[in-house]
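One structure is given below, encoded as structure tokens.
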Amino acid sequence: MDLEKLLTDRLAPAFAAVAGGPVDPVVRRSPRADFQSDAALALARRLGRPPRDIAAAVLDRAALDDLCTTAQVSGPGFLNLTIADRTLAALVGELAGDERLGVPVTPAPETVVVDYSAPNVAKEMHVGHLRSTVIGDATVRLLDWLGHRVVRVNHLGDWGTPFGMLIAHLVDLGEAEAARELSMGDLDSFYRAAREKFDADEAFRERSRQAVVALQGGDPRTRELWRLLVEQSERYFLAVYALLDVTLTSADFHGESAYNDQLAPTVDDLDRLGLLRPSDGAACVFPPGFTGRDGEPLPLIVRKSDGGYGYPATDLAALRHRTAELGATRLLYVVGLPQRQHFAMVYAVAELAGWLRPPARAEHVGFGSILGPDGRMLRSRAGGSVKLVALLEEAVARATEAARTRNPALDEATTAEIGRAVGIGAVKYADLGTERTRDYVLDWERMLSLDGNTAPYLQYAYSRIRSMFRRTGTGARPEAKILLAEPAERALAFELLGFAAVVAGVERTLEFHHLAGYLHRLAATFSAFYERCPVLRAEGELRESRLALADLTARTLRQGLHLLGIRTPERM
Ligand code: ARG
């Protein structure tokens with residue numbers, strides 16, 4: 001049970017009685033006592049009473065004796081609350097026996113569709129797709145653990161006019177050669193070669209146009225060639241996912257092409273609802289509240305002037321499918337911030353059309369860019385976009401090298417496993433540990449450092465606890481009596497009890513840096529505890545209690561990192 005909540009439940013009725021109406025006691029951790037409530041200060045003006053009086057009246061009425069050793073009015077009217085050691089110990093004891101570490105399964109499970117990763121066929125995945133994949137993976141792990149029905153959707157860019165030129169280029173190369181080039185994972189040069197011909201050669205352009213028509217008309221041979229492109233790319237993306245250690249599988253590919261049959265009916269619906277306006281030959285919806293720089297209303301183009309459907313129509317059809325067919329009430333789109341306006345307009349149109357109605361709601365889980373050391377968009381040395389695989393391989397190579405230097409006696413296989421867990425973990429943590437909407441600089445030194453707010457620091461903290469248990473040869477007893485006397489023990493107890501509240505917050509906000517920050521605080525608090533409170537050298541009940549605290553810390557770190565998609569090696 002979360003202590004903030006426990007105290008809130010006790011204080012709220014007392015505040016309500018004093019104020020003559022409901023009041024949020026605003027309980028939070030405090031450097032002065034264990035917790036404090038500042039609500040009396042805010043009430044003073046309204047009640048026309050000095051805040052210290054209000055606080056004292058609340059204390060008179062609140063039933064706190066079983067929880068707190070002291071409850072005092074301090075300063076201008078704070079309530080300072082000190083939790084009794086036995087209360088704290090009992091709560092931690094409960095936690096130690098709970099496999100879910102105090103985090104309840106949600107009482108209100110929802111169907112949540114998470115749209116993430118979504119690279120484009122025959123194009124290299126770039127760092128934006130890395131962020132989407134990492135944040136999306138943490139999202140599905142968390143919501144799944146909380147008991148929601150999670151549908152992973154990899155909204156692959158596998159449709160649209162560029163496929164004409166890609167297919168025409170494929171025909172020129174011959175299938176065998178094309179498959180060879182694509183399977184090397186060199187998607188960008190394939191795409192670039194097609195593009196160059198398209199720009200230079202009118203006959204090629206014409207063949208490209210015919211290929212698009214044939215593809216959309218369902219011509220079997222053209223479809224086959226398209227399938228080949230898609231399959232080769234999917235194979236490559238799956239290799240990246242395996243390296244990245246995310247839970248996406250081939251079953252989650254649900255690309256833009258999957259909505260092809262729904263595009264015309266979707267736009268027809270908009271027409272029937274009277275929402276379409278012609279604009280330069282295109283069919284548009286003008287959702288209220290969206291204007292361009294010049295103040296003109298902004299259109300969402302749902303059918304282009306050539307009669308084709310584009311990205312917005314596909315997103316509308318997909319959204320309709322997600323609410324109507326999949327029954328989703330929470331729709332998450334993990335896509336970079338530059339697409340913010342696109343999604344805002346898609347949601348607005350979907351609301352107008354009635355496809356998105358409460359309790360269903362859509363959220364753009366937007367994120368910033370990854371920057372190079374120069375503070376500009378990350379670029380390769382040649383100036384092109386950075387190949388994701390190269391970046392991940394570099395992370396693993398650096399971490400493996402560091403593991404070998406640190407521990408030359410370890411066998412090669414173990415070293416490689418540690419290198420992978422730490423290298424990939426560092427990349428993910430650098431991403432998830434930063435406020436989502438901010439840009440961040442890719443800094444190898446910092447990411448891979450064993451101290452600081454990094455994955456390696458947390459993984460190391462975990463492995464140190466595990467190695468302590470290897471030395472004892474026994475585990476902790478989950479039913480061990482918890483004894484809390486030292487300040488460092490109490491501090492650790494408070495952190496351990498805070499996990500549930502942090503997870504509940506992230507469930508709402510999908511701001512994983514709060515979970516990351518929590519884990520970092522927990523590890524740091526543990527390390528202060530470990531310095532001050534001997535564990536293996538303690539005796540009897542005290543030793544048992546400290547082992548239980550250590551074990552609980554390790555389990556919380558492991559679970560928290562697992563939710564971020566980060567592995568916890570047993571040794572480092
Ligand atoms: N393929 C797109 C891109 O690379 C991202 C798709 C995001 N999802 C969506 N439903 N639009 O930018």
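Structure values in brief
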| quantity | calculated |
| --- | --- |
| Among (1) crowded, with 20+ Cβ neighbours inside 10 Å; (2) within 15 Å of the ligand (Cβ to nearest atom) - the single one H321 does not satisfy | (1) |
| Residue match in region 269-282 (condition: buried (at least 16 other Cβ atoms within 10 Å of the Cβ), in contact with a Pro (Cβ under 8 Å, 6 or more places away or on another chain) and outside any loop (DSSP other than H, G, I, E, B)) | yes |
| Test for A89: is it modelled with pLDDT of 95 or more and within 16 Å of the ligand (Cβ to nearest atom) | no |
| Breaking point among (1) within 14 Å of the ligand (Cβ to nearest atom); (2) at pLDDT 95 or above, for S385 | (2) |
| Residue match in region 394-404 (condition: out of contact with any helix residue (DSSP H, G or I) (no Cβ under 8 Å at 6 or more places or on another chain) and part of a helix (DSSP H, G or I)) | no |
| Every residue from region 149-173 that is farther than 30 Å from D201 by Cα and touching a Leu at 6+ places or on another chain (Cβ under 8 Å) | V150, V151, R152, N154 |
| Filter result (within 17 Å of A44 (Cβ to Cβ) and surrounded by fewer than 21 Cβ atoms within 10 Å (Cβ to Cβ)) within region 61-90 | V73, S74, G75, P76 |
| Of all residues in region 532-556 being over 16 Å from A480 (Cα atoms) and more than 33 Å from the chain's Cα centre (by Cα), the one that is surrounded by the most Cβ atoms within 10 Å (Cβ to Cβ) | C533 |
| Lone qualifier among P338, P358 - being at pLDDT 95 or above and more than 20 Å from F290 (Cβ to Cβ) | P358 |
| Matching residues, region 324-350, being of a type in the set (D, E, K, R) and either within 15 Å of the ligand (Cβ to nearest atom) or in contact (Cβ under 8 Å) with a residue 12 or more places away in the chain (or both) | R330, R340 |
| Failed item, numbered, when E296 is tested on (1) under 23 Å from A264 (Cα atoms); (2) more than 16 Å from the ligand (Cβ to nearest atom); (3) without any contact (Cβ under 8 Å) to a residue 24 or more places away in the chain | (1) |
| Pair list, Cβ under 9 Å, 6 or more apart: region 37-63 residue within 12 Å of V23 (Cβ to Cβ) and modelled with pLDDT of 90 or more, other residue of a type in the set (D, E) and in a loop (DSSP other than H, G, I, E, B) | A39/D24 |
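Per-residue answers, yes or no, for (1) over 24 Å from G307 (Cα atoms); (2) within 16 Å of the ligand (Cβ to nearest atom); (3) touching a Cys at 6+ places or on another chain (Cβ under 7 Å); (4) of a type in the set (S, T, N, Q):
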| site | (1), (2), (3), (4) |
| --- | --- |
| R152 | yes, yes, no, no |
| V171 | yes, no, no, no |
| E175 | yes, no, no, no |
| A178 | yes, no, no, no |
| A194 | yes, no, no, no |
| K197 | yes, no, no, no |
| F204 | no, no, no, no |
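The values are calculated or read from the model by the stated rules, or taken from the named source; none is laboratory data. Just so you know, these numbers come straight off a predicted model, no measurement behind them. All Cβ positions, even for glycine, are placed from backbone atoms using ideal geometry, and neighbour counts span all protein chains on display.
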